[in-house]
Amino acid sequence: MNFNADQLIHYVDDIFKTVGLSSEDSHTVAESLVAANLRGVDSHGITRVPIYVKRLKEGAVNPRPDIKVIQESDATLLIDGDDGMGQVIGRKAMEIGIAKGKNSGGVHIGVTSSSHFGAGAYFVKRAVEEDMVAFAMSNAPSTMAPWGGIKPYFGTNPYAFGIPAGKHEPILLDMATSVVARGKIIMSAQDGSDIPTGWAIDDKGRPTTDSNAALAGSVLPFGGPKGYGIAMMIDIMSGVLTGAGFGPHINNIYGDYDKPQNVGHFFQLIDVNRFMPAELFKQRVDQMIDEIKSSPAAEGVEEIFVPGEIEYRTEQKRLENGIDLPEEVYEDIKKVGAECGVDIRDYENANTIR
């Protein structure tokens, strides 16, 4: 199936309304998931709908959280997410942070008592639109062993970095600290396909291409010990500093259905205008992008890309041509919709591309 993005947002939005989210919050979650699909980050897209719904139904996620600032200074915010949906908490934290950062020039935002927040680009993009440099990071349940070990301790601990530009699209770097997001291994297990060598090890520490053995073992950090070191720093900032869970003290999204995850996030926002006029900054970023794009390419390389450029092109194609849903993902979201009293066939109309 191939869906129009707006229709897919509408469908997912209606599902989340049935499990207690407000209209505003259900739209935020739906929009963020479909935004990931549009950018080609399908591991963080609507494939997450069934597990999100399950956790909401089981009470592991609070559908109506009281998100509030619990500590504040001129340049810092500590926000309690009250165990709500990560996308809802993250968006609220960014809104509060943008307003404060515009006033103070910059702000560091810690978030505790949250859950899986999806793709980080969704959050930093909002700040970039306000001429701010933005940095977002989150910890995650243990799936990655410390370098040299075999027992998972850290999560894939993603981070995203957003830089405004002028004539070019913003630079958006969004990545996990593992070689690959664990969601891609989950998707491989769902469709029964193998994974490339170098993505993961099994529970004995041996390299594996078996996606199920990888899920029972450990994903590998990118860059070996360097990725491991960055994952640890992200866990300290997102978990230790905020008072959220860290390492093995974060509950599993695919289990522990009676417990909140207690994921932590950390955001940093910087008002570009406090350093130089935003237009001048964006001109300088444009210059850098132009110089990178025009630099000599290696043999066999057709084009040099900057972070986020491939995702932007994918987004434009999918906005025009629709989002392809693998059969297993389509059946999963169709099933969860039916369980929630939302019939996907009602959204398969003239706006659906087949």
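Below are the figures for this structure:
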| quantity | calculated |
| --- | --- |
| Residue match in segment 67-83 (condition: surrounded by fewer than 24 Cβ atoms within 10 Å (Cβ to Cβ) and assigned to a helix (DSSP H, G or I)) | no |
| First in segment 296-309 and in contact (Cβ under 8 Å) with a residue 60 or more places away in the chain, second anywhere and open to solvent by less than 60 Å² (accessible area, probe 1.4 Å) and among the acidic types (Asp, Glu), Cβ under 9 Å, 6 or more apart | Pro307/Asp174; Gly308/Asp174 |
| Positions within segment 172-216 being open to solvent by less than 30 Å² (accessible area, probe 1.4 Å), within 22 Å of Asn37 (Cα to Cα) and in a loop (DSSP other than H, G, I, E, B), in sequence order | Ala176, Thr177, Val180, Ala181, Ile195 |
| Verdict on Gly45 being at positive phi and either surrounded by fewer than 24 Cβ atoms within 10 Å (Cβ to Cβ) or at pLDDT 95 or above (or both) | no |
| Selection status of Gly255, part of a loop (DSSP other than H, G, I, E, B) and within 16 Å of Asn157 (Cα to Cα) | no |
| Residue list for segment 126-155, filter: under 17 Å from the mean Cα position of the chain (by Cα) and outside any strand (DSSP E or B) | Arg126, Ala127, Val128, Asn139, Ala140, Pro141, Ser142, Thr143, Gly155 |
| Ile89 being touching a Cys at 6+ places or on another chain (Cβ under 7 Å) and among the hydrophobic types (A, V, I, L, M, F, W, C) | no |
| Cβ pairs under 7 Å, 6+ apart, first in segment 57-69 and without any contact (Cβ under 8 Å) to a residue 60 or more places away in the chain, second among the small types (Gly, Ala, Ser) and surrounded by fewer than 19 Cβ atoms within 10 Å (Cβ to Cβ) | Pro63/Gly20; Arg64/Gly20; Arg64/Ser22 |
| Residue satisfying condition, being touching a residue at least 12 places away in the same chain (Cβ under 8 Å) and either in contact with a Ser or Thr (Cβ under 7 Å, 6 or more places away or on another chain) or not in a helix (DSSP H, G or I) (or both), within set Gly101, Gly162 | Gly162 |
| Candidate set from segment 251-269 (those that are closer than 23 Å to Val133 by Cβ and out of contact with any His (no Cβ under 7 Å at 6 or more places or on another chain)); member that is most open to solvent (accessible area, probe 1.4 Å) | Phe266 |
| Filter result for Val61 (open to solvent by less than 40 Å² (accessible area, probe 1.4 Å) and assigned to a helix (DSSP H, G or I)) | no |
| Among (1) within 20 Å of Ala127 (Cβ to Cβ); (2) in contact (Cβ under 8 Å) with a residue 12 or more places away in the chain; (3) among the charged types (D, E, K, R) - the single one Glu24 does not satisfy | (2) |
| Out of Ser142, Ser138, Ser115, Ser104, sole residue that is surrounded by 24 or more Cβ atoms within 10 Å (Cβ to Cβ) and farther than 18 Å from Leu173 by Cβ | Ser115 |
| Lone qualifier among Val272, Val285 - being out of contact with any Phe, Trp or Tyr (no Cβ under 9 Å at 6 or more places or on another chain), closer than 14 Å to Val128 by Cβ and surrounded by 14 or more Cβ atoms within 10 Å (Cβ to Cβ) | Val285 |
| Selection count, segment 223-250, where residues are in a loop (DSSP other than H, G, I, E, B) and either surrounded by fewer than 19 Cβ atoms within 10 Å (Cβ to Cβ) or among the aliphatic types (A, V, I, L, M) (or both) | 6 |
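The values are calculated or read from the model by the stated rules, or taken from the named source; none is laboratory data. Given the structure is predicted, the values throughout are model-derived calculations rather than measurements. We place every Cβ from the backbone using ideal geometry, glycine too, and count neighbours over all the protein chains shown. Please note that ligands, DNA and RNA were not included when accessible areas were found on the heavy atoms of the full protein model with its side chains. Shrake-Rupley method; radii C 1.70, N 1.55, O 1.52, S 1.80 Å.
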